[in-house]
2 protein chains.
Amino acid sequence: MEKDEKIIEMSSRMWEKALPHISVDSVVFGFHENQLKVLLVRMAKGQKWLLPGGYVFKDENVEDAAQRVLRERTGAERIYLQEFGIFGNVNRSEDFFRNYDDNLWHKQRFISIGFYALVDYTQVNLEIDHYSDTCEWKSIDHMPALAMDHQTIYDNALTVLRQQLSYKPIGMNLLPERFTISELQRLYETILGRKLNRGNFYRRIMRFDVLIKHEDQRKGGAHKSPNLYSFDPVKYHASLQGIDW
Amino acid sequence: MEKDEKIIEMSSRMWEKALPHISVDSVVFGFHENQLKVLLVRMAKGQKWLLPGGYVFKDENVEDAAQRVLRERTGAERIYLQEFGIFGNVNRSEDFFRNYDDNLWHKQRFISIGFYALVDYTQVNLEIDHYSDTCEWKSIDHMPALAMDHQTIYDNALTVLRQQLSYKPIGMNLLPERFTISELQRLYETILGRKLNRGNFYRRIMRFDVLIKHEDQRKGGAHKSPNLYSFDPVKYHASLQGIDW
């Protein structure tokens, strides 16, 4: 079977090139027009889906490895990945490669370093690597079963992304340059997975103090034309650093 | 030389017991009465100080390893450590063990997983392990030179601790049960390393909505007796989860 040979070939290459026991896995959230998706790969039809992951070469920085692996597996480049957690429990993986010899690279105990990103998925060019069969954006409302402990890694990344909404602004590069408060609210609702109270949302978002209100309004709706806002880039980037006490 | 033998003995034990290429390092901040300190160890007099660190056993979860290493190196138990970053660059360490054989365990490339904690240092019992010579709380205002890249790991932990002040309440178990707003402000000032404006601090801390104001006041000061506050434990723990949008 062709797939098997690829894995065995990869195994001996990895024993030579990579650091044992260490892997990187990336959770790339893609947003566009009120849809939140996540980037998944699959080795062969009928197999479970995986987060795009891989290994750290002996002469490579860990963050560079995460970028390279994502590029190799999905074709996606220039995605800013942030480390968000370690998945280091013994026996964290089910025996995904149980039909292979024990000296297979993939059968080691791996401690995985989790990275995440949130991007506009229409801006990402996907290409399938020689190793995976498929690479797709999957809606977070219709997630397929994930292999090994990738569901846990994904769940943790989503929790971190949602927590980030509490203390960091979000939305630049995900919304059009000018947007209404309702459009911003829908971004938050999509990430949080639930409806928010309009008044509470308005008050809380205003506390971040990162918006510029414009004179012009969004035309064409059934109701009173809503005001347009944009992010103040200086305040936006300053508030990424946290409160200025 | 006695020290050398200990390291060589430890090296062969580690090749047997631990996962290669992976280390854990902990930055334990200790606070008490407006003093912020950090827990450091030193292998021998005249050598540079280090963060308490070690390795992950083959049959051990990573977080358990961080707890065990801290206990073995300093005697400190039941300290809740949080992972905050990965230090995974090639050549991140100076050649701390340059006088030893290349097969020494310690001379590998290590990817270090950083953990941090903030505790009341009077509640921590320190004991020196058989491997280090010294273990001490050092004031963050008078830090000694740290070996390898431990200064970077420490700097990152302090940045994360300071960012945490923006979005999580802090102070439970560090302040007396009832405290004045000035006492809380001094805790924040100590961690941030600078004075804060009293009015701004009051407004910002009130936004967290985690304090209960009490009828009784702190007696004995030269000025008007200030009100006493305590943390509302339910609201405090809820706000650790982030904003309820």
Item to check | Where B:Ala66 falls short, out of the listed (1) closer than 30 Å to B:Gln185 by Cα; (2) within 14 Å of another protein chain (Cβ to nearest Cβ); (3) not hydroxyl-bearing (Ser, Thr, Tyr) | outcome: (1)
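From the list A:Phe31, A:Phe115, pick out the single residue that is in contact (Cβ under 8 Å) with a residue 40 or more places away in the chain, more than 26 Å from B:Asn61 (Cβ to Cβ) and either open to solvent by less than 30 Å² (accessible area, probe 1.4 Å) or within 24 Å of the chain's Cα centre (by Cα) (or both).
On the way: A:Phe115 fails: more than 26 Å from B:Asn61 (Cβ to Cβ).
Selected residue: A:Phe31, the only one of A:Phe31, A:Phe115 that is in contact (Cβ under 8 Å) with a residue 40 or more places away in the chain, more than 26 Å from B:Asn61 (Cβ to Cβ) and either open to solvent by less than 30 Å² (accessible area, probe 1.4 Å) or within 24 Å of the chain's Cα centre (by Cα) (or both).
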Item to check | Which numbered condition B:Lys138 misses (of (1) outside the structural domain of B:Pro233 (by TED's automatic domain parsing); (2) crowded, with 18+ Cβ neighbours inside 10 Å; (3) modelled with pLDDT of 95 or more) | outcome: (2)
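At least 3 residues that are under 29 Å from B:Ser139 (Cα atoms) in each: list the helices (runs of 4 or more DSSP H) lying fully within the range B:156-245 that qualify. Even if it seems obvious, please write down each step before you answer.
On the way: elements: B:181-192, B:198-208, B:233-239.
Per the criteria, B:181-192, B:198-208.
When you look at B:Arg42, is it of a type in the set (D, E, K, R) and free of Cβ contacts under 8 Å to residues at least 24 places away in the same chain, yes or no?
Working: of a type in the set (D, E, K, R): yes; free of Cβ contacts under 8 Å to residues at least 24 places away in the same chain: no.
No: the conditions fail for B:Arg42.
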Next on the checklist: I need a count of the residues in the range A:69-91 that are under 22 Å from A:Leu40 (Cβ atoms) and surrounded by 18 or more Cβ atoms within 10 Å (Cβ to Cβ).
Outcome noted: 12
Item to check | Sole exception among (1) in contact with a Leu (Cβ under 9 Å, 6 or more places away or on another chain); (2) buried (at least 16 other Cβ atoms within 10 Å of the Cβ) for A:Asn61, by number | outcome: (1)
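State all residues of the range B:1-28 that are open to solvent by less than 40 Å² (accessible area, probe 1.4 Å) and either within 30 Å of B:Arg194 (Cα to Cα) or free of Cβ contacts under 8 Å to residues at least 24 places away in the same chain (or both); if no residue qualifies, say none. So that I can check it myself, show each step before the final result.
Quick first cut of the range B:1-28, residues open to solvent by less than 40 Å² (accessible area, probe 1.4 Å) only: B:3, B:7, B:10-11, B:14, B:18-28.
Scanning the range B:1-28 gives B:Asp25, B:Ser26, B:Val27, B:Val28.
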Item to check | Members of the range B:191-213 found to be modelled with pLDDT under 95, open to solvent by 20 Å² or more (accessible area, probe 1.4 Å) and in contact with a strand residue (DSSP E or B) (Cβ under 9 Å, 6 or more places away or on another chain), listed by number | outcome: B:Gly193
Checklist entry - Hey, B:Gln164 hits all of (1) open to solvent by less than 30 Å² (accessible area, probe 1.4 Å); (2) of a type outside the set (Ser, Thr, Tyr); (3) modelled with pLDDT of 90 or more but one; which does it fall short on? => result (3)
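Residue by residue through the range A:81-110, note down the ones that are more than 13 Å from chain B (Cβ to nearest Cβ) and in a loop (DSSP other than H, G, I, E, B). Talk me through it step by step, then tell me what you get.
As a first pass, look at the range A:81-110 and keep what is more than 13 Å from chain B (Cβ to nearest Cβ): A:93-107.
Once the filter is applied, which keeps residues that are more than 13 Å from chain B (Cβ to nearest Cβ) and in a loop (DSSP other than H, G, I, E, B), the range A:81-110 yields A:Ser93, A:Glu94, A:Asp95, A:Phe96, A:Phe97, A:Arg98, A:Asn99, A:Tyr100, A:Asp101, A:Asp102, A:Asn103, A:Leu104.
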Item to check | Of all residues in the range A:168-218 being more than 12 Å from chain B (Cβ to nearest Cβ) and basic (Lys, Arg), the one that is farthest from A:His237 (Cα to Cα) | outcome: A:Arg218
Item to check | the range B:54-80 - residue that is in a strand (DSSP E or B) and not hydrophobic (A, V, I, L, M, F, W, C) and, of those, nearest to B:Asp120 (Cα to Cα) | outcome: B:Gly54
Checklist entry - So, of the residues in the range B:219-242 that are within 14 Å of chain A (Cβ to nearest Cβ) and free of Cβ contacts under 8 Å to residues at least 24 places away in the same chain, which turns out to be nearest to B:Arg162 (Cα to Cα)? => result B:Gln241
Checklist entry - Taking B:Pro169 and the conditions (1) at pLDDT 95 or above; (2) in contact with a Ser or Thr (Cβ under 9 Å, 6 or more places away or on another chain), which numbered condition does it fall short on, given that it satisfies the others? => result (1)
Checklist entry - For B:Leu240, are the conditions met, namely being of a type in the set (A, V, I, L, M) and touching a strand residue (DSSP E or B) at 6+ places or on another chain (Cβ under 8 Å)? => result no
Checklist outcome for this item: Residues of the range B:3-53 being within 14 Å of chain A (Cβ to nearest Cβ), out of contact with any Gly (no Cβ under 9 Å at 6 or more places or on another chain) and either charged (D, E, K, R) or assigned to a strand (DSSP E or B) (or both), in sequence order, are B:Lys17, B:Leu19, B:Pro20, B:His21
Checklist entry - Any idea which of A:Ile153, A:Ile113 is at pLDDT 90 or above, touching a Ser or Thr at 6+ places or on another chain (Cβ under 8 Å) and part of a helix (DSSP H, G or I)? => result A:Ile153
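The values are calculated or read from the model by the stated rules, or taken from the named source; none is laboratory data. The model shown is predicted, which means the values in this text are computed figures rather than measured ones. Reconstructed Cβ throughout: ideal geometry from the backbone, glycine too, with neighbour counts over all protein chains shown. Quick note on the areas: whole protein, heavy atoms, side chains included, nothing else; ligands and nucleic acids left out. Shrake-Rupley method; radii C 1.70, N 1.55, O 1.52, S 1.80 Å.
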